[in-house]
Amino acid sequence: MATVCREAQEWIEEEVETPIEEWENRQEERCREEPCNWWMLCLNKLFCWIVVIAVKVVRFVVVTIGKWVTRVVCEVVNLVLDVVAFVVNLILSIPVLGGIIRTVLNWLSEVVWRLVGLLDFGLSLLGLRWKKRMYVGLLIPRSEGKPITTEAAMLPQIEKAKELYKKLCNIELVYTGACVTPTDAPSGSLSVGCDASGFFSDWLLGGSYFEFSSSTCEFEEGWRRVVGYGGEIVVIPVLNVTPDSPTELTVGCSFASTHNYVVVDPAAGPAVAAHEIGHACWLSHTPNEPGNLMFPSNLAAEPTLTAWQVSVVRWSKHCVYF
């Protein structure tokens, strides 16, 4: 089931169906305990049970049947959108031309959704931070016929990211699962430059490979990545990230809104994916704050974010209420 459809069904069950069932149980208990008024020929108990039965019928018709109708409609609409998005993503996977269009589209969607979310940004700065969601998936490339790492090896980074964004930002990071690419990565594409070379290489075979693989592996709700709203951030482990400084190795990279993916070293510390996701949501480095999640190197075991940083992340197109 598509994530958005599953969440809609869960909302109906939690916010509509469950409260009605709880009321039914309380009403049934009251009907059982209510004394029979003989002067009313026990009609008081009859009326009580008629109300319970009527509510059960209404719940079945409106909630139970409505829930499944909603699910079917949602799945059909979502499938149509995903097919259209897949075709668009195939175009965006074309080297050079597709890469340029992809860059423009990603930044345009980011700016549009930032403008739409200005009010929410302001409320977040004031401390009003209702629960939001971000969707994150793993794309594991192949090299020489085998995956370069495993889902198990990457899960510590995913779990740490889930923990940090929940604690610091009241954001539920929804992990959508891992996928191994069906083919080997093009030569050299698993060594990603976190500089101008990396930006422009995204327009070439390496970026096309990542885009095409994301479209096939993360087909479900691919329309979100096209329109931007709630677009999944794809975490991609690679063999090497450059350039390295004289004292520190580069272990991850993100080009903010340019890409829908971030790259990380699978052997990096547990907070690296969370750090790169922060870049994907427009956070910059904080070289003077060693305890901050966006410190450039040697991330703290329990990093922090400022109120401004939290609001910027929550303002991202990737971070949504539904």
Checklist entry - Is there a residue in region 192-206 that is within 14 Å of Ile91 (Cα to Cα) and surrounded by 19 or more Cβ atoms within 10 Å (Cβ to Cβ)? => result yes
Next on the checklist: Exactly one condition in (1) surrounded by fewer than 24 Cβ atoms within 10 Å (Cβ to Cβ); (2) in contact with a helix residue (DSSP H, G or I) (Cβ under 7 Å, 6 or more places away or on another chain) is false for Pro237; which is it?
Outcome noted: (1)
Checklist entry - When residues of region 240-277 are filtered for being modelled with pLDDT of 95 or more and over 15 Å from Cys194 (Cα atoms), how many remain? => result 1
Checklist entry - Ala271: assigned by TED's automatic domain parsing to the domain that holds Ser201, under 22 Å from the mean Cα position of the chain (by Cα), within 20 Å of Lys132 (Cβ to Cβ) and of a type in the set (A, V, I, L, M), yes or no? => result no
Checklist outcome for this item: Selection from region 20-51 of residues among the polar types (S, T, N, Q), surrounded by fewer than 12 Cβ atoms within 10 Å (Cβ to Cβ) and at pLDDT below 75 yields Asn37
Checklist outcome for this item: Taking region 151-188 and the residues there that are touching a Phe, Trp or Tyr at 6+ places or on another chain (Cβ under 6 Å) and more than 19 Å from Met134 (Cα to Cα), the one that is surrounded by the fewest Cβ atoms within 10 Å (Cβ to Cβ) would be Pro186
Checklist entry - Only one of Leu123, Leu119 is assigned to a helix (DSSP H, G or I), aliphatic (A, V, I, L, M) and surrounded by 13 or more Cβ atoms within 10 Å (Cβ to Cβ); which? => result Leu123
Item to check | strands (runs of 3 or more DSSP E) completely within region 202-318 that count 1 or more residues being of a type in the set (S, T, N, Q), over 24 Å from Ala178 (Cβ atoms) and without any contact (Cβ under 8 Å) to a residue 60 or more places away in the chain | outcome: 240-242
Item to check | Residue within region 59-70 that is out of contact with any Gly (no Cβ under 7 Å at 6 or more places or on another chain), in contact (Cβ under 8 Å) with a residue 12 or more places away in the chain, outside the structural domain of Thr216 (by TED's automatic domain parsing) and among the aromatic types (Phe, Trp, Tyr) present | outcome: no
Checklist entry - Quick one: which of Val136, Val180 is part of a strand (DSSP E or B) and in contact with a helix residue (DSSP H, G or I) (Cβ under 7 Å, 6 or more places away or on another chain)? => result Val136
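The values are calculated or read from the model by the stated rules, or taken from the named source; none is laboratory data. Everything numeric here is computed off the predicted structure, so don't read it as measured data. Backbone-built Cβ (ideal geometry, glycine too); neighbour counts: all protein chains shown.
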